[in-house]
Amino acid sequence: MNHQRCLILGLGNPLRGDDGVGPRVVAELLRRGLPDGVTAVDGGTGGLDLLHLLEGWEHAIIVDAAELGRKPGEFLRFTLEEAHLVRSLVSLSSHAAGLADALALARALGQALPDIVIYGVQPERMDWQEGLSPALQAALPQIVTAILEEIM
């Protein structure tokens, strides 16, 4: 896949434990440096603002905590179509209501969407505390490496 004009969007709330994995991945990608044409953005907790963020990109990679029924720190890469086949997007992502609503609105308005790939990361805890659990902290390098391999 030619990743000219690729947006990496990390969703999550860093004050809710492992829910902050998306923004942490974005921070790590920015620290390591990204190729030309690739931008990483902390999308916060998403919502309809996602439409504005996704506008005009050819490709988008969304990173978010997701209930996958896996061990904490394990992650899955899937397309939007695969997400619908696996189960509804709402049960996959902690911010999927916002993501699903934003994508449905984009389709209804005829807004062109980028090719979207989602990296869902199994959280251990999503309570009100800062910082990732040890399991997610340990998984961070693997998640970042998988995304870098995809965009190179």
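Descriptive notes on the structure:
- Any pair with Cβ under 6 angstrom, 6 or more apart, that starts in segment 128-152 at a residue that is surrounded by 14 or more Cβ atoms within 10 Å (Cβ to Cβ) and ends at one that is of a type in the set (Asp, Glu): 132/18; 133/18; 133/124; 135/124; 136/18; 144/28
- Subset tally (residues that are among the basic types (Lys, Arg) and in contact (Cβ under 8 Å) with a residue 12 or more places away in the chain) for segment 107-127: 1
- With respect to (1) farther than 22 Å from residue 149 by Cβ; (2) modelled with pLDDT of 75 or more; (3) surrounded by 15 or more Cβ atoms within 10 Å (Cβ to Cβ), the lone exception for residue 96 is condition (2).
- Residue ranges of strands (runs of 3 or more DSSP E) in segment 8-87 with at least 1 members of a type in the set (Phe, Trp, Tyr): 75-79
- One residue stands out in segment 114-152 among those that are more than 22 Å from residue 34 (Cβ to Cβ) and of a type in the set (A, V, I, L, M): the one that is nearest to the chain's Cα centre (by Cα), namely 126.
- Test: residue in segment 1-17 that is crowded, with 19+ Cβ neighbours inside 10 Å, β-branched (Val, Ile, Thr), more than 26 Å from residue 130 (Cβ to Cβ) and in contact (Cβ under 8 Å) with a residue 40 or more places away in the chain: no
- Within segment 103-127, being surrounded by fewer than 18 Cβ atoms within 10 Å (Cβ to Cβ) and in a helix (DSSP H, G or I) holds for 104, 105, 106, 107, 108, 109.
- When the residues of segment 128-151 are filtered to those that are out of contact with any Pro (no Cβ under 7 Å at 6 or more places or on another chain) and not in a helix (DSSP H, G or I), the one that is modelled with the highest pLDDT is 132.
The values are calculated or read from the model by the stated rules, or taken from the named source; none is laboratory data. Predicted model only: the values in this text are computed from it and were never measured. We place every Cβ from the backbone using ideal geometry, glycine too, and count neighbours over all the protein chains shown.
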